[in-house]
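Below is one structure, written out as structure tokens, with a few remarks after it.
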Amino acid sequence: MFKREFIRDILAKSRELEGLTIRVCGWVYRIRDLGGVRFIILRDRTGVIQSVFKRGDTPDHILKIAEDTREEGILCVDGILRRAPTREGYEILALDAKILSNPIEPLPLETHDSLKASLPTRLKYRWLDARNPKVSKIFQLKSWVARKFREYYSSQGFIEIFTPKIVASGTESGADVFSVLYFDRIAYLAQSPQFYKQFAVIAGFEKVYEVGPVFRAEPHHTTRHLNEYHSLDIEIGFIESFHDVMDYVEGFFRKLAEDSRREEEIKGMLEEFEVEPIEIPETGIPRIPIRRVYEILASEYGKKIPYGEDLDPEGEKLIGNYVKEKYKSDLVFIIEYPWKIRPFYTMRKEDEPSWTYSFDLLLRGLEVVTGGQREHRYEKLKQNLKDKGLAEQDFQYYLDFFKYGVPPHGGAGMGLERITMQILRLQNIREARLLPRDTERITP
RNA sequence: GCCGCGGUAGUAUAGCCUGGACCAGUAUGCGGGCCUGUCAAGCCCGUGACCCGGGUUCAAAUCCCGGCCGCGGCGCCA
């Protein structure tokens, strides 16, 4: 490895390093050439620092190297750390330097200004776009969300599982999945780990979570859909009701809300994106039956959703605004969805079988989590399949899971990119995916 | 899948409605020059574009048709 230190660490130790010779390696962020003095701002993953090449102080052959330097090239600078009137308060007076790599042609995207380019252009040159520190922060936040997910559910006694992404059938009807040639057969890319996380509970792991890719073959043209994204999944055995599942989901979001107020790095990111941390009231995230939501939308906003139908995007936004004003909550559980719009494995209400023990969680007016209690009784599950008009034999391997002792269980799936998008209030979910796959895009 | 909007230098845009003075303007980038404290550095010079094909017209970046590509709304969903 190159002997180097991260810029953030150097600045953190600036008092003790002041006056000493140090080395910084990174990308050339900006060059300001004033003739006798040339400022080269270096950037690494952790920050930026100014190096200064000055006639009289820097050896002449090193000044020559500075002249050859191009923006976004890779440069190592050895020099003396000293105080300077820069944003960081310090700079490096260059005594030695080496170009490790220089661009071979003009850049198609100005890295430090990449947010001014259109999204298609940014995605086309994503490896340059992502060098923009602000863009990079999106992915650092996404990484933080995924880490919190693992930490939270691990701390609650969940076991991480890793399930196949090449599967024999879809989780719902077989539609909306990508087919792949699997030797001499057709297989599919998993649209959800649904069946296998239930499998894991039934297999005795009791409480499990998974972070993994899911694939949706739907030709969406929206700012909130991807054909490949990462799903944060949980599944829990021995629940008494679907409220237990919501409690676990709520615990995770509460952790996100609290830690984003506590951790300096995250606070800094939210400030840079000019967004507030997630707000959750002391009394908890409101849990509103969808039948009540129909009423609220109609009476408060004059918005008519056909009874028994799903909310449309406008309805979700409106109810998001409603709970923000009324409960000071960025989140709302909408519960007891109609059976007709939920998958066959959803448990129906005992007393009202056209409604279910299921829920969605909306974050700032966008659905980010779906979950519920699963039907764990073999005969009822078969009946559900029948009621959905699905062929039993297509799901036989799944039905077999339910033959030999199944605890009542439920779970939820959360869209990592949607959570990231909503926390930072990004305009397009593609911004929250390093290399988005959508209807047209499979490169880079 | 249905519907709508768009495509001008590397990037971002003006011009298009109302065809002609547009061999296409501006900013930034890029190349060169000046400048020893910049921090969106500044100043000077240069560079570079009308998506493709067909049509209308004396004349098309501008109007019409087709194609390709992009974006968005809905549906569906995380």
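The values are calculated or read from the model by the stated rules, or taken from the named source; none is laboratory data. Here the structure is a predicted model, which means the values were calculated and not measured. When we count neighbours, we look across all protein chains shown, and the Cβ atoms used for this are built from the backbone with ideal geometry, even at glycine.
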Just give me the residues in the stretch A:82-114 being in a loop (DSSP other than H, G, I, E, B) and either closer than 19 Å to A:L17 by Cα or in contact (Cβ under 8 Å) with a residue 60 or more places away in the chain (or both), in sequence order.
A:A84, A:P85, A:T86, A:R87, A:E88, A:G89
Name every residue in the stretch A:91-114 that is more than 10 Å from RNA strand B (Cβ to nearest atom) and more than 20 Å from A:F6 (Cβ to Cβ), in order of residue number.
A:L95, A:I99, A:I104
Options A:I305, A:I334, A:I341: the member that is within 16 Å of RNA strand B (Cβ to nearest atom), assigned by TED's automatic domain parsing to the domain that holds A:T222 and at pLDDT 95 or above
A:I334
For the stretch A:389-399, does any single residue satisfy the condition of being part of a strand (DSSP E or B) and surrounded by fewer than 21 Cβ atoms within 10 Å (Cβ to Cβ)?
no
Condition check for A:V211: within 22 Å of A:R147 (Cα to Cα), assigned by TED's automatic domain parsing to the domain that holds A:E314, modelled with pLDDT of 90 or more and more than 9 Å from RNA strand B (Cβ to nearest atom)
yes
Please find, among A:L256, A:L226, A:L232, the residue that is modelled with pLDDT under 95, assigned by TED's automatic domain parsing to the domain that holds A:E417 and aliphatic (A, V, I, L, M).
A:L226
Check on A:I49, more than 10 Å from RNA strand B (Cβ to nearest atom), assigned to a strand (DSSP E or B) and under 38 Å from the mean Cα position of the chain (by Cα):
yes
Residue in the stretch A:401-444 that is nearest to A:R342 (Cα to Cα), counting only those that are among the basic types (K, R) and out of contact with any Pro (no Cβ under 7 Å at 6 or more places or on another chain):
A:R418
Got a number for residues in the stretch A:417-441 being near RNA strand B (Cβ under 8 Å from one of its atoms) and not β-branched (V, I, T)?
8
I'd like to verify a number: residues in the stretch A:1-31 that are near RNA strand B (Cβ under 9 Å from one of its atoms) and either in contact with a Gly (Cβ under 8 Å, 6 or more places away or on another chain) or more than 24 Å from A:K137 (Cβ to Cβ) (or both), how many?
0
Check whether at least one residue in the stretch A:283-299 is under 21 Å from the mean Cα position of the chain (by Cα) and assigned to a helix (DSSP H, G or I), and report yes or no.
no
Assess whether A:S114 counts as being surrounded by 14 or more Cβ atoms within 10 Å (Cβ to Cβ), within 26 Å of A:Y398 (Cα to Cα) and not assigned by TED's automatic domain parsing to the domain that holds A:I31.
no
Examine the stretch A:71-90 for a residue that is within 11 Å of RNA strand B (Cβ to nearest atom), within 23 Å of the chain's Cα centre (by Cα) and of a type in the set (S, T, N, Q), and state whether such a residue exists.
no
